Amino acid sequence: MKSILVAVVVLLSSFIYSQDRINVNATTLVGFPSIGYEKMVAPNFSFHIDATGSIFNSFNDMPLKFLMITPEMRWYSKKENTGLYVGGHIGGVVFNLQKYGYENSDKYQKGLGYQLGVSVGYIYPVSDRIAIEAFVGGGSVQTFYKGYVKTTGIRYDGAKEYNKSGEWLPYRGGVTIIFIL
């Protein structure tokens, strides 16, 4: 998982001269690195992409690894691409963790999925080169996974291939520091 995050950082860094903004979410401070970049594509519109993951292999003796990549188109209320924005996104996730609802068991899940939803946020410029963003987002989350018992490594779910689940959830949010290039 760490090598995937390093690859994402290197990939994003390689585009540094073509980017307009780089952002780092505060979740990075608590072990869930989230970095992204944003390119202005027209007045009031931008393309934003971010990657969020976990540096942990486990938490409370259960797996806790994931990587979520979310590309998003944003519409801003101001032509300077600051202030209020609304974004639409579709992203993907891979995971090896214990899903909610299994907290007091020795069962965990490995799989992948996608999310389709909207974000709402606000960007406040602090200076010519730095801004602060607060945002929330959510939508439909569709996952395909296999369930395992931690103590034996045997599947508990009985599905031939993958289990499928779909929920409407909040899955994005935070406060980010934006570096304007």
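The values are calculated or read from the model by the stated rules, or taken from the named source; none is laboratory data. This one's a predicted model, so the numbers in the text were calculated from it and none came from an experiment. Every residue, glycine as well, gets a Cβ built from its backbone with ideal geometry; the counts of neighbours run over all protein chains shown.
Checked across region 91-102, the condition of being surrounded by fewer than 14 Cβ atoms within 10 Å (Cβ to Cβ) and more than 24 Å from R21 (Cα to Cα) holds for at least one residue. Against the test of being in contact with a strand residue (DSSP E or B) (Cβ under 8 Å, 6 or more places away or on another chain), small (G, A, S), surrounded by 15 or more Cβ atoms within 10 Å (Cβ to Cβ) and touching a residue at least 24 places away in the same chain (Cβ under 8 Å), the options G166, G111 yield a single qualifying residue, G111.
Each row is one residue, and each column tells you yes or no for (1) modelled with pLDDT of 95 or more; (2) closer than 24 Å to D157 by Cβ; (3) of a type outside the set (K, R).
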{"residue": "D50", "(1), (2), (3)": "yes, no, yes"}
{"residue": "S58", "(1), (2), (3)": "no, yes, yes"}
{"residue": "M62", "(1), (2), (3)": "no, yes, yes"}
{"residue": "E72", "(1), (2), (3)": "yes, no, yes"}
{"residue": "K78", "(1), (2), (3)": "no, no, no"}
{"residue": "G87", "(1), (2), (3)": "yes, no, yes"}
{"residue": "I90", "(1), (2), (3)": "yes, no, yes"}
{"residue": "Q98", "(1), (2), (3)": "no, yes, yes"}
{"residue": "Y114", "(1), (2), (3)": "yes, yes, yes"}
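Of all residues in region 48-56, at least one satisfies being of a type in the set (D, E), without any contact (Cβ under 8 Å) to a residue 60 or more places away in the chain and crowded, with 16+ Cβ neighbours inside 10 Å. For region 137-159, the count of residues that are surrounded by 16 or more Cβ atoms within 10 Å (Cβ to Cβ) and either of a type in the set (D, E) or within 15 Å of N23 (Cβ to Cβ) (or both) is nonzero. Residue-level check: of (1) modelled with pLDDT under 95; (2) touching a Lys or Arg at 6+ places or on another chain (Cβ under 8 Å), T82 misses just (2). Picking from residues in region 57-77 that are among the hydroxyl-bearing types (S, T, Y) and touching a residue at least 24 places away in the same chain (Cβ under 8 Å), the one that is surrounded by the fewest Cβ atoms within 10 Å (Cβ to Cβ) is S77.
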